[in-house]
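Undergrad: Below is a structure I'd like to ask you about.
A short reminder: the numbers here are calculations on the coordinates, not readings from a lab. Please read these numbers as outputs of a predicted model, since none were measured by experiment. Counting neighbours? That spans all protein chains shown, and the Cβs are built from the backbone with ideal geometry, glycine included.
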Amino acid sequence: MIIEPRMRGFICTTSHPEGCAQNVKNQIEYIKSKGAINGAKKVLVIGASTGFGLASRITSAFGSDAATIGVFFEKEPAEGKTASPGWYNSAAFETEAHKAGLYAKSINGDAFSNEIKRQTLDLIKADLGQVDLIIYSLASPVRMNPTTGVLHRSVLKPIGDVFTNKTVDFHSGKVSEISIQPSSGDDIENTVAVMGGEDWSMWIDALKAENLLAPGATTVAYSYIGPSLTEAVYRKGTIGRAKDHLEATAFAITEKLADIDGKAFVSVNKALVTQASSAIPVIPLYISLLYKIMKEEGIHEGCIEQIQRLYQERLFTGKPVPVDEKGRIRVDDLEMRADVQEKIAKLWVEAVTENLSEIGDLEGYRKDFYNLFGFDVQGVDYKADANEMVNIESIG
Ligand code: NAD
Ligand code: NA
């Protein structure tokens with residue numbers, strides 16, 4: 001069928017299988033062009049189908065010839081209805097990995113559940129024996145705690161005071177002022193339960209209990225800090241509390257892995273257009289200014305460039321992993337450069353509907369957004385019939 005983008009609010013409800021496949025191939029080519037990385041060989045990626053997790057899976061496979069197991073939660077296709085983009089990404093990834101002679105299998109389901117953890121442990125036991133790198137890259141609005149049965153919903157709210165600032169509707173380009181009410185009730189606890197480190201810990205405990213972690217195994221989860229402009233709604237808001245918890249969890253996991261010399265890290269990554277970040281008020285305006293400046297400076301990176309640098313220059317150098325004063329790996333260094341942030345702060349004050357397409361990279365934002373769903377990808381014929389019924393080889 002002919003597949004076109006269909007928008008509902010901030011999300012796109014269709015995705016293009018060939019556009020998604022082309023995105024994956026482009027990322028693979030990028031990794032191959034950067035040369036071999038002396039990294040882990042048996043890798044579990046939790047949240048492997050889009051964004052930073054997909055980039056991690058690609059970097060491990062095509063940078064280090066690693067066997068990968070990917071866990072994700074995606075919608076499969078039905079006749080006349082497209083799958084979610086992560087499904088098509090994973091199908092394309094497996095096809096390319098298998099062509100290259102690499103082991104790659106995937107598990108589609110709720111990573112927070114006991115059932116999906118059980119399936120994953122069994123697969124590692126049967127096929128890989130142990131894993132030596134576990135990437136934890138989930139982004140989800142809800143989590144059912146498998147122990148208590150409680151369903152937690154995360155919220156993106158400031159804590160304490162109403163937050164008022166500029167935002168942009170990136171579809172129309174309209175800049176306006178928005179006020180976000182502060183968190184109340186159990187908002188903070190719920191957000192920490194979904195996006196904090198509890199589930200990461202549960203995964204590592206489960207793997208360790210069954211001796212599925214290789215000696216010296218490393219686990220990495222992803223975090224974000226960002227500038228003072230977005231602090232009230234991000235790092236000092238409800239989601240920031242969850243990231244604080246995630247970062248504290250890294251230390252707790254490292255302690256638990258002392259006997260196998262294992263280590264847990266949080267890597268602070270740069271702001272990028274993803275399904276999640278498009279839904280956060282204020283952030284799209286920030287990203288459109290950030291993209292403009294980083295592109296002008298020649299220092300713009302997408303997920304794949306970020307993760308390539310994380311592996312090659314931080315994790316697998318043969319030397320101790322460089323971390324900041326809080327023990328975190330930083331690949332948001334270019335975003336946070338003082339000159340970059342000073343320019344954004346200045347543009348922020350000036351930004352209005354009439355000038356944003358000039359002083360900000362609204363076009364780049366939109367393109368990245370459509371790319372997430374496999375649209376607006378160079379080399380893809382969108383007028384041609386596309387087959388929506390794509391299998392993931394290991395799922396069938
Ligand atoms: P994403 O939405 O692109 O990826 C989320 C992944 O989680 C997908 O593979 C999805 O299938 C999977 N997933 C979601 N719920 C699941 C569930 N219940 N069971 C199994 N899989 C599930 O998000 P992303 O932007 O790559 O975010 C990954 C991490 O990186 C998050 O911790 C995020 O906070 C962090 N991060 C994001 C940014 C950014 O700007 N986007 C910047 C820094 C750090
Ligand atoms: Na991810």
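Undergrad: Taking Cα pairs under 8 Å and at least six residues apart, what relative contact order does the stretch 299-380 come out at, in percent?
TA: 13 percent
Undergrad: Sorted from largest to smallest, which semi-axis lengths in Å does the alpha carbon gyration tensor of the stretch 256-396 give for its equivalent ellipsoid, taking the root of 5 times each eigenvalue?
TA: 30, 27, 13
Undergrad: Taking all pairs of distinct Cα atoms, average 1/r, flip it, and tell me the Kirkwood hydrodynamic radius of the chain in Å to one decimal place.
TA: 21.6 Å
Undergrad: Moving on. Let me check I've understood the local charge: for ILE395, count other residues with C-beta under 11 angstrom from its C-beta, Lys and Arg +1, Asp and Glu -1. What total comes out?
TA: Taking every Cβ under 11 Å from that of ILE395, the sum is -3.
Undergrad: Further, regarding this structure: So for each of 162-170, 61-69 I average, over its residues, the number of other beta carbons within 10 Å; can you give me the resulting order with the highest mean first?
TA: Per-residue mean Cβ counts within 10 Å order the peptides as 61-69, 162-170.
Undergrad: With the contact rule set at Cα under 8 Å and sequence spacing of 6 or more, what percent relative contact order holds for the chain?
TA: Rounded, it is 23 percent for the chain.
Undergrad: OK, next. Given ILE260, TYR234, ALA248, which one lies farthest toward the positive end of the charge dipole of the stretch 226-268, if we put +1 on the Cβ of every Lys and Arg and -1 on the Cβ of every Asp and Glu?
TA: Value computed over the given set: TYR234.
Undergrad: So, one more: Using the Kirkwood radius over Cα pairs, work out the Stokes-Einstein diffusion coefficient for the stretch 245-319 at 25 °C and 0.890 mPa s, in µm²/s as a whole number.
TA: Translational diffusion coefficient: 165 µm²/s.
Undergrad: Looking at the chain as a GNM with Cα springs under 10 Å, which of ILE46, ILE180, ILE28 has the largest mean-square fluctuation?
TA: ILE180
Undergrad: May I pose another question? Give me the orientation-averaged projected area of the Cα convex hull of the stretch 91-131, in nm², one decimal.
TA: Average projection, Cα convex hull of the stretch 91-131: 3.3 nm².
Undergrad: So what are the radius of gyration and Dmax for the Cα set of the stretch 140-284, in Å?
TA: 17.3, 55
Undergrad: Within 10 Å, Cβ to Cβ, of ALA206, how many net charges do the neighbouring residues add up to if Lys/Arg are +1 and Asp/Glu are -1?
TA: That sum, taken over residues with Cβ under 10 Å, equals +1.
Undergrad: Work out, step by step, the length gained on full extension between ASP186 and ILE395: first 0.36 nm times the residue separation, then minus their alpha carbon distance; give nm to one decimal.
TA: 71.4 nm
Undergrad: Also, quick follow-up: Just how many % of Cα pairs in the stretch 60-104 lie over 14 Å apart, if you round to the nearest whole percent?
TA: When every Cα pair of the stretch 60-104 is considered, 53 percent fall beyond 14 Å.
Undergrad: What number, rounded to the nearest 500 deg cm²/dmol, is the helix-based mean residue ellipticity at 222 nm of the chain, given -39500 (n - 2.57) per DSSP H run of at least four residues and division by all its residues?
TA: The helix contribution divided over the chain gives -12000 deg cm²/dmol.
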